[in-house]
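Take a look at the structure set out below.
The values are calculated or read from the model by the stated rules, or taken from the named source; none is laboratory data. Keep in mind the model is a prediction, meaning the values are calculated, not measured. Neighbour counts are summed over all protein chains in view; Cβ atoms, including those assigned to glycine, are modelled from backbone coordinates with ideal geometry.
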Amino acid sequence: MSTVGIALVGCAHIHTPNFIGRINARKNLRTLAVWDTDNARAKKCAEELHAPVVASLEAIFNDRAITALVICSETHRHEELVIPAAAARKHLFVEKPLGIGARDAGRMADAIERAGVVFQTGYFMRGQGCYRFLREQIAAGAFGAITRVRVAQCHPGALQGWFDTEWRWMADPRLAGFGAFGDLGTHALDVLMWCLGDITEVTAATTPGTRRYGDCDEAGEALLRFRNGALGSIGAGWIDAYNDVRFVISGMEGYAHITGDNLFVCSPHIAGADGTTPWTDVPATLPHAFDMFLDAISGTPGLPLVSAREAAQRCAVMEAIYAAQRARAWISIDAPAAT
């Protein structure tokens, strides 16, 4: 397998250390450059990757030996990095969310599509076996007409001070685009849209919780109306001691829920699915979203990556969710069709 040259462009995201470990575990990858607006942060990551710090973005974009970029900058910097990187025909992993809202994310998706490069973002939930199974069964009509669905994606990050020091920017909506609800809720939003399609309108409420980060929201709830008539809800935040009931779907002919690590399914269309015992007959869980990107740039074809257009649409819906909570109203979604 030939060596693939990559660069880390932006080291700000809390997932950066994890990604560095995954890069270092690949013998065919060579990190040729590290860039960040914070030189000390760039130097630390460069040392871990055994790579040089490069002060010039243009040098990275123009280096033909660098074929792919991993962008883990603050969200508000994504557009200024992604558009010239796409123009330079660099494959792109851009940590979620792609953008702050519909406009910047849409422009980035346009640039990525024009360039025809490999794109991926960090939506990992759709790769999990349980959600792959549920999507298949929804499409097959195993639950009948879907009436409601709920996803909760929560952790105790604010309670444990995860964002108090070097990751503090993630609790500043001017830099991150959103607060805690957007940070974790975007994962739930992705898996819901992946399973159920277009959302037509939204409303929401958020809370600053502990007020550890001023007025930055630390948790929230959103209510969604899907084009197919189903109602959905998302619970997400950084102030939950435990995230037990992670998924619930109810249809006119069946239901399913994920409680703890167990999936329960009840449907007359699935043999043995009586809802009383954990259901384990699900597809294999795919590699992590970041690993699939590394596989793709290493030459593995046909991987189910998240498209740039999908990533942009999630940003448009999340932007509408925050607008709805500020207005205390339902907001209609004007976004391209889900894929």
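A few points about this structure:
- Within the stretch 97-111, not a single residue is of a type in the set (Asp, Glu), in contact with a strand residue (DSSP E or B) (Cβ under 9 Å, 6 or more places away or on another chain) and within 25 Å of Gly299 (Cα to Cα).
- Residue pairs meeting the criteria (Cβ under 9 Å; at least 6 apart or on separate chains; first free of Cβ contacts under 8 Å to residues at least 60 places away in the same chain and assigned by TED's automatic domain parsing to the domain that holds Gly157, in the stretch 211-222; second surrounded by 20 or more Cβ atoms within 10 Å (Cβ to Cβ) and among the hydroxyl-bearing types (Ser, Thr, Tyr)): Asp217/Thr206; Asp217/Tyr322; Glu221/Thr206
- Residue within the stretch 171-190 that is of a type in the set (Lys, Arg), in contact (Cβ under 8 Å) with a residue 12 or more places away in the chain, surrounded by fewer than 21 Cβ atoms within 10 Å (Cβ to Cβ) and part of a loop (DSSP other than H, G, I, E, B) present: no
- Screening Ile270, Ile239 for residues that are touching a residue at least 60 places away in the same chain (Cβ under 8 Å) and either of a type in the set (D, E, K, R) or under 19 Å from Ala188 (Cβ atoms) (or both) leaves exactly one candidate, Ile239.
- Some residue of the stretch 158-165 being part of a loop (DSSP other than H, G, I, E, B), among the polar types (S, T, N, Q) and either without any contact (Cβ under 8 Å) to a residue 40 or more places away in the chain or over 27 Å from Asp295 (Cα atoms) (or both): yes
Matching residues to (1) acidic (Asp, Glu); (2) in contact with a Leu (Cβ under 8 Å, 6 or more places away or on another chain):
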{"site": "Ser250", "(1), (2)": "no, no"}
{"site": "Gly254", "(1), (2)": "no, no"}
{"site": "Gly260", "(1), (2)": "no, no"}
{"site": "Ser267", "(1), (2)": "no, no"}
{"site": "Thr277", "(1), (2)": "no, no"}
{"site": "Phe290", "(1), (2)": "no, no"}
{"site": "Ala311", "(1), (2)": "no, yes"}
{"site": "Arg326", "(1), (2)": "no, no"}
{"site": "Asp334", "(1), (2)": "yes, no"}
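- The stretch 21-45 - residue that is of a type in the set (A, V, I, L, M) and crowded, with 22+ Cβ neighbours inside 10 Å and, of those, farthest from Arg168 (Cα to Cα): Ala33
- Given (1) part of a loop (DSSP other than H, G, I, E, B); (2) surrounded by 21 or more Cβ atoms within 10 Å (Cβ to Cβ); (3) of a type in the set (A, V, I, L, M), number of the condition Ala55 does not satisfy: (2)
- Failed item in (1) assigned by TED's automatic domain parsing to the domain that holds Glu253; (2) farther than 26 Å from Ala230 by Cα; (3) of a type outside the set (A, V, I, L, M, F, W, C), with Arg107 passing the rest: (1)
- Here Thr200, Thr206 are screened, and the one residue that is hydroxyl-bearing (Ser, Thr, Tyr) and either buried (at least 21 other Cβ atoms within 10 Å of the Cβ) or in contact with an Asp or Glu (Cβ under 6 Å, 6 or more places away or on another chain) (or both) is Thr206.
Condition check ((1) farther than 18 Å from Ala139 by Cα; (2) assigned by TED's automatic domain parsing to the domain that holds Ala188; (3) not aromatic (Phe, Trp, Tyr)) across all residues:
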position: Gly235; (1), (2), (3): yes, yes, yes
position: Trp238; (1), (2), (3): yes, yes, no
position: Arg246; (1), (2), (3): yes, yes, yes
position: Asp261; (1), (2), (3): yes, yes, yes
position: Ala273; (1), (2), (3): no, yes, yes
position: Thr276; (1), (2), (3): yes, yes, yes
position: Phe290; (1), (2), (3): yes, no, no
position: Ala296; (1), (2), (3): yes, no, yes
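- Test: residue in the stretch 302-317 that is at pLDDT 95 or above, farther than 28 Å from Asp183 by Cβ and surrounded by fewer than 21 Cβ atoms within 10 Å (Cβ to Cβ): yes
- Counted residues, the stretch 114-157 - those being hydrophobic (A, V, I, L, M, F, W, C) and within 22 Å of Met292 (Cα to Cα): 9
- Scanning the stretch 196-220 for residues that are of a type in the set (S, T, N, Q) and within 30 Å of Gly141 (Cα to Cα) gives Thr200, Thr203.
- Of the strands (runs of 3 or more DSSP E) entirely within the stretch 65-156, none holds at least 2 residues that are over 19 Å from the mean Cα position of the chain (by Cα) and closer than 19 Å to Val9 by Cα.
- Leading residue by the ranking (nearest to Trp194 (Cα to Cα)) among those in the stretch 230-244 that are of a type outside the set (Asp, Glu) and at pLDDT below 95: Asn243
- Within the stretch 32-50, the set of residues being in a loop (DSSP other than H, G, I, E, B) and within 27 Å of the chain's Cα centre (by Cα) comprises Asp36, Thr37, Asp38.
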